[in-house]
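Peer 1: Please see the structure below; I have some questions.
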Amino acid sequence: MASDERRTSTDDLVGEDVEVRGHIIDSLLLPKILDRILQMGGSFEIRECTIGARRIDPSYARITIKAANTEKLEEILGDLVEHGASAVNPEDARVVLADIPGAFPDDFYSTTNQRTQVRLGGRWIDVADQEMDCGIAVDPSGETARCVAMTDVTPGLPIVVGHDGVRVVPAERPRGANLFGFMGSNVSSEKPKAISFQGVADSIRETRAEGKKVLLVGGPAIVHTGSSGHVAQLIRDGWIQTLFAGNALATHDIEQAFYGTSLGVSISKGEALEHGHEHHLRTINTIRRLGGINKAVELGVLKSGIMFECVKAGVEVVLAGSIRDDGPLPEVITNTLQAQARMREAIQGVGFALLIATALHSIATGNLLPAWVKVVCVDINPATVTKLSDRGTFQTIGLVTDVEPFFRSLVAELA
């Protein structure tokens with residue numbers, strides 16, 4: 001974070017001053033920073049602390065951090081960057097040219113999903129395309145910086161290394177009385193469902209009013225539970241602009257349109273039909289013979305369901321495949337890196353993400369989203385939401401409930 005010339009040395013300890021500003025009290029940033037210093041084996045002294053008089057006023061703290069040696073101090077300073085601390089007298093970011101394709105230089109700065117800035121030519125510049133677990137590439141002109149995935153690195157690409165000249169602007173606690181202020185914990189199984197559903201509906205309305213997109217990430221349980229009609233209604237009414245899913249959701253949705261079944265089970269009767277286990281394969285085969293989902297809609301073969309409404313409404317659909325897929329449908333992207341690239345493109349402009357009953361696709365999407373995008377995860381299994389938070393998508397609000405009642409209530413709230 002800083003050169004040795006700016007470090008102080010007293011009583012066999014090395015130290016350096018950092019500052020943190022913003023809503024550091026009510027967002028609990030200052031206590032978290034002080035706790036991290038102690039956890040990592042350092043000590044601190046608060047040199048200055050100014051607390052905002054009103055809730056809207058920012059606060060400021062200047063802290064001297066001390067450690068047993070330079071290596072330990074550097075480790076602590078590097079960790080605190082991610083919590084919003086920055087050097088009092090910052091230097092420009094250090095940049096090294098990538099030497100081989102598909103790999104960062106040693107000691108590259110590993111990004112978080114929080115808003116990040118780098119100091120170039122004495123100016124702080126916002127990092128574009130914010131995403132966790134990436135590096136920061138700097139334009140040769142030194143005017144712009146962006147997050148870049150490891151696999152997209154090319155030789156000669158300027159990459160930020162170390163923590164010097166990097167600062168993070170942590171997301172603050174919401175102050176409004178909406179879903180994201182209402183929830184006291186990330187996973188909610190016992191909070192009033194009506195308030196939760198209303199909060200989701202309000203957030204979707206706000207997102208659309210701001211001109212941003214709503215992203216739905218869905219698993220096949222949407223179809224299995226009889227929720228396809230509700231999702232189709234949301235798409236028809238213009239509430240969903242982007243859909244991420246796998247081969248299964250699309251296949252069983254079209255299977256329902258063709259046969260009235262999902263994985264061979266009748267949606268209306270709730271019982272397995274004779275030879276119903278063949279329906280999903282026959283569905284995939286039909287779509288492949290027609291040349292794809294769009295062609296099936298164009299020819300009038302596919303007349304209802306989620307995929308039908310997506311085609312009609314122009315919803316951007318990314319279907320990412322897995323090793324266990326049958327077929328798959330022609331639109332399914334079977335190359336993992338290509339699927340990631342398409343998802344990165346599609347999340348541009350997303351302001352709200354609704355993750356429904358799919359652990360793998362939900363976690364993958366959470367890894368791509370910046371921290372300021374609101375995320376709601378609905379699943380009957382609370383472990384799905386816990387995994388999202390554990391992997392860094394800390395802004396996730398989890399609702400533990402069955403899919404069909406959730407969608408039915410959401411359609412009613414938005415109507």
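The values are calculated or read from the model by the stated rules, or taken from the named source; none is laboratory data. Every value quoted in this text rests on a predicted model; they were computed, and no experiment measured them. Note that each Cβ is placed from the backbone with ideal geometry, even for glycine, and that neighbours are counted across all protein chains shown. Accessible surface areas use protein heavy atoms only, side chains included; no ligands, DNA or RNA. Shrake-Rupley method; radii C 1.70, N 1.55, O 1.52, S 1.80 Å.
Peer 1: List the relative contact order of the chain as a percent without decimals, with contacts defined as Cα pairs under 8 Å and 6+ residues apart.
Peer 2: Values: 840 pairs, mean separation 59.1, N = 415.
Reported as a whole number, the value is 14 percent.
Peer 1: Arranged from highest to lowest average of other beta-carbon atoms within 10 Å per residue, in what order do the peptides 322-328, 71-77 appear? All intermediate terms of the calculation are to be shown ahead of the outcome.
Peer 2: On the way: 322-328: 14.0, 71-77: 18.6.
Listed from highest to lowest mean packing, they are 71-77, 322-328.
Peer 1: Here is a further query. Just to verify a number: FRET efficiency for S304 and T386, C-beta to C-beta distance, R0 = 45 Å, to 0.05? Let's see the in-between values first.
Peer 2: Numbers: r = 36 Å, r/R0 = 0.79.
That gives a FRET efficiency of 0.80.
Peer 1: Counting only DSSP beta bridges with both residues in the chain, tell me the antiparallel percent, nearest 5. Walk me through the numbers before you get to the answer.
Peer 2: Working: 42 of 70 bridges.
Given both bridge residues lie in the chain, the antiparallel proportion sits at roughly 60 percent.
Peer 1: A further question follows. Scan the chain and note any complete DSSP helix (H) whose C-alpha atoms cover at least 20 Å along its axis and whose Kyte-Doolittle average is -0.5 or more.
Peer 2: On the way: long enough: 193-209 (24 Å, -0.28).
Qualifying helices: 193-209.
Peer 1: While we're on this one: Mind listing which trypsin sites (Lys or Arg not before Pro) in segment 201-306 are in a DSSP loop and have 16 or fewer other Cβ atoms within 10 Å?
Peer 2: Details: sites: R205, R208, K212, K213, R236, K269, R282, R288, R289, K295, K303; in loops: K212, K269, K303.
Counting only loop positions with at most 16 other Cβ atoms within 10 Å, the trypsin sites (Lys or Arg not before Pro) in segment 201-306 are K212, K269, K303.
Peer 1: Once Lys and Arg get +1 and Asp and Glu get -1 on their Cβ, which of V373, Q198, L249 lies farthest toward the positive end of the dipole of the chain?
Peer 2: With unit charges placed on the Cβ atoms, the residue in question is Q198.
Peer 1: Sequence gap of 8 or more, or different chains, plus Cα separation below 18 Å: how many lysine pairs satisfy both in the chain?
Peer 2: Details: K32/K66; K212/K374; K213/K312; K213/K374; K295/K303; K295/K312; K303/K312; K374/K387.
Value for the chain: 8.
Peer 1: Order W239, W124, W372, most accessible first, counting only protein heavy atoms with a 1.4 angstrom probe. If you can, show how the numbers build up before the last one.
Peer 2: Values: W239 50, W124 70, W372 110 Å².
Result, largest first: W372, W124, W239.
Peer 1: Taking the Cα centre as origin and putting +1 on Lys and Arg beta-carbons and -1 on Asp and Glu beta-carbons, what dipole magnitude results for segment 29-78, to the nearest 20 debye? Kindly include the intermediate steps, with their values, before the conclusion.
Peer 2: Details: 8 positive and 7 negative charges, 48 e Å.
I would put it at about 240 debye.
Peer 1: Residue farthest toward the positive end of the dipole of the chain, with Cβ of Lys/Arg at +1 and Asp/Glu at -1: which of L319, L281, Q130?
Peer 2: L281
Peer 1: Report in % the part of the accessible area of segment 328-415 that belongs to carbon and sulfur, leaving out ligands and nucleic acids; probe 1.4 Å. Present the calculation step by step, with values, prior to reporting the outcome.
Peer 2: Working: 1820 of 3320 Å².
Carbon-and-sulfur percentage of accessible area, whole number: 55.
Peer 1: Of the peptides 23-29, 159-165, how do they stack up when ordered by the mean number of other Cβ atoms within 10 Å, highest first?
Peer 2: 159-165, 23-29
Peer 1: Another question, if that's okay. Okay, helix-only estimate at 222 nm for the chain: each DSSP H run of n ≥ 4 adds -39500 (n - 2.57), divide by all residues, round to 500 deg cm²/dmol; what do you get?
Peer 2: Values: 14 runs with 138 residues, N = 415.
Rounded to the nearest 500, it is -9500 deg cm²/dmol.
Peer 1: Which of I306, I125, I56 moves the most in a Gaussian network model of the chain with Cα springs under 10 Å?
Peer 2: Among I306, I125, I56, the largest GNM mean-square fluctuation belongs to I56.
Peer 1: Further, regarding this structure: When ranked by the protection proxy of mean other Cβ atoms within 10 Å per residue, highest first, what sequence do the peptides 126-132, 214-220 form? Kindly include the intermediate steps, with their values, before the conclusion.
Peer 2: Working: 126-132: 18.3, 214-220: 24.3.
Per-residue mean Cβ counts within 10 Å order the peptides as 214-220, 126-132.
Peer 1: Taking the Cα centre of the chain as the origin, how large is its charge dipole in debye, to the nearest 20, when only Lys and Arg (+1) and Asp and Glu (-1) carry charge on their Cβ atoms?
Peer 2: Working: 40 positive and 53 negative charges, 290 e Å.
Once rounded to the nearest 20, the dipole reads 1400 debye.
Peer 1: Counting alpha carbon pairs within less than 8 Å and at least 6 residues apart, what relative contact order, in whole percent, applies to segment 273-371? Please list the in-between numbers first.
Peer 2: Values: 60 pairs, mean separation 21.2, N = 99.
Reported as a whole number, the value is 21 percent.
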